[in-house]
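Since every read-out is calculated from the coordinates, none of them should be taken as a lab result. Remember, predicted model here, so these are calculated numbers, not experimental data. For neighbour counting, all protein chains shown are included, and Cβ atoms are generated from backbone atoms with ideal geometry for every residue, glycine included.
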Amino acid sequence: MSRTFGLVGLPNAGKSTIFNALTAAGAKVEPYPFSTVQAQKGVAPVPDPRLDRLHALFPDKKKVPTTIEVVDIAGLVEGASRGEGLGNQFLADIRNVEAILHVVRCFEDPDIAHPMGEVDVRRDIEVIEAELLLKDLETLEGRRERVAKAARIGEKEAREELALLERLIEGVKRGIPIRAQRLSAEEQERLKGLSPLTMKPVLFVANVGDAGENAHSQKVAELAKERGAGWVVIRGRLEMELAELPAEERSAFLREYGLESLAVERLVREAYRLLAVITFYTFVGPEVRAWTIRAGTKAPEAGAAIHTDFRDRFVLAEVMRLEDLEQFRSEKALRESGRIVRAGRDYIVQDGDVIHFIVA
Ligand SMILES: Nc1nc2c(ncn2[C@@H]2O[C@H](COP(=O)(O)OP(=O)(O)OP(=O)(O)O)[C@@H](O)[C@H]2O)c(=O)[nH]1
Ligand SMILES: [Mg+2]
C-alpha cells in the first residue's frame, strides 16, 4: 500500500520541481505562478539500502521497492481559504493526502516572481499555515452547527463531540494547529471523517538553489524546530535534472561531487518517518521485495500487505535478519544453524525483518 504525501506551498516555491525530482514524471515547471492548476499524482520508489543488500544475495530476482504516492498541489496564496488565487480547489487535494510536504522557497531569482515580492521564510510559511487554519476553522464550525442540534436533544455522543469541537475551535482561533493540540487516540479517530488539514503531519522542504544551504534554509530549520517538525534541504532544480538522467550517469555525478545520495532520498525517508511506518522484506518467488506497514503491526496483518488472504490463512512467519542472511549466504545454512525465528500470530513485525509467511 502506497502512502500519500501532498506538496503544499506558495506559487513558484518549486513544488512541481520537487515533484519531478521525486517521481521523474516530467510535470510542467514554469517561471510563472499557478502553473499547476490540476493536482497531479506520481509514484516515487523508496530508495532502500537494505533492499539493495538483500537483492545482492539474490541477483537473479527482480528488485521491487515500496513506493510513495506524491501529489503536486496547486499553489496557495493569502486568502485561498476564501477563494483567492486558485481558491478552494486545493482543499480537497490536501484532504486526501496523509501528510503534508510544505515546500518553502529558499532561492533568490529575479526572473521568478515571488507572490509577495521577495523571499521571507517566516512570513511565507505563516501565510500557508494561516490558510490551512482558516479552512479548518470553517470545517470545525460547520460541523459544530450540525452536532449542536443533536447535542441539544441530549445525545451523549453528540455532546462529547461538541465539547471536543469547542476545544479545537478555541485552539485554532489562537493559531494552534490541531496536530499540536493534545488529542487522545480516540479523539483522533473521531476526527478522521472531517480530516482537518492541520491535523496532518508536516515535513518542511527547503528548496535551495544549486549552491546548497543558505540563510533562508537555516530559517526553515529554525522554524521547523520551533514547531517540533522535521525538515529537509533540497536543491530542487538540480535534483530534478538528475532524476532525468540514466542511473549510471546519476551515480557518476554523485561520485564526482562526493555525495552519498540525493536529497530526494532523504526526503522520502523522512516522509516515511512522519507516518511511523516500517519496512519488511520478502524474497519468495521471482522477486526480492520491500513492504510498508505501520509500526506495531502483528504478523498476520503484515502478511495481508502481500495478499489479503494471508491474514486468515496465516500459520506462522519465519523471520530472518538481513545480517544473518549475509553471513550464512543461504536460507538453508541459516535454517541449519537455527537462526530462523518461527513467529506466531502475536509477533509484532520489526523494521528490517526478512519474512517467509507460511500459510494454510
Ligand atoms: N533559480 C532557481 N529556480 C528554481 C529553483 N527551483 C525551482 N526553480 C524555478 O522556479 C520556477 C517555479 O517552479 P515550479 O516547480 O513550477 O513551482 P511551483 O511551486 O510548482 O509553482 P505553482 O505550480 O505555480 O504553484 C520554475 O521556473 C523553476 O525552474 C532553484 O533552486 N533555483
Ligand atoms: Mg507547480
Rg and Dmax [Cα atoms of region 277-359; Å; Rg one decimal, Dmax integer]: 12.0, 34
Peptide ranges 110-118, 60-68 listed from the most packed, as the mean C-beta count within 10 angstrom indicates: 60-68, 110-118
Sequence ranges 7-20, 246-259, 198-211, ranked by mean other-Cβ count within 10 angstrom, highest first: 7-20, 198-211, 246-259
Estimated distance in nm for a label pair at Leu322 and Asn214, the labels positioned 7 Å out from Cα along Cα-to-Cβ: 3.6 nm
Test item: Cα-centred dipole of region 210-360, Lys/Arg +1 and Asp/Glu -1 on Cβ, debye: 580 debye
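Using only DSSP helix segments of four residues or longer, with each worth -39500 (n - 2.57), what per-residue ellipticity at 222 nm results for the chain after dividing by its residue count and rounding to 500?
After summing the helix terms and dividing by residue count, I get -12500 deg cm²/dmol.
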Separation of the Ser195 and Asp60 label points, Cα + 7 Å toward Cβ, nm: 4.5 nm
Length-normalised contact order for the chain - Cα pairs under 8 Å, 6+ apart - percent: 18 percent
Kirkwood hydrodynamic radius (C-alpha pairs) into Stokes-Einstein, the chain, 20 °C and 1.002 mPa s, D in µm²/s: 95 µm²/s
At R0 = 22 Å, FRET efficiency that the Cβ-Cβ distance of Arg53 and Arg250 yields, to 0.05: 0.65
Listed residue (Leu134, Ala39, Val319) projecting farthest to the positive dipole end of the chain, Cβ model: Val319
Nitroxide proxy distance, nm - points 7 Å out along Cα→Cβ at Lys332 and Arg152: 7.8 nm
Surrounding net charge for Ala148, when Lys and Arg each add one and Asp and Glu each subtract one, Cβ distance under 15 Å: +1
Cβ-Cβ FRET estimate between Glu166 and Ala113, R0 fixed at 45 Å, reported to 0.05: 0.60
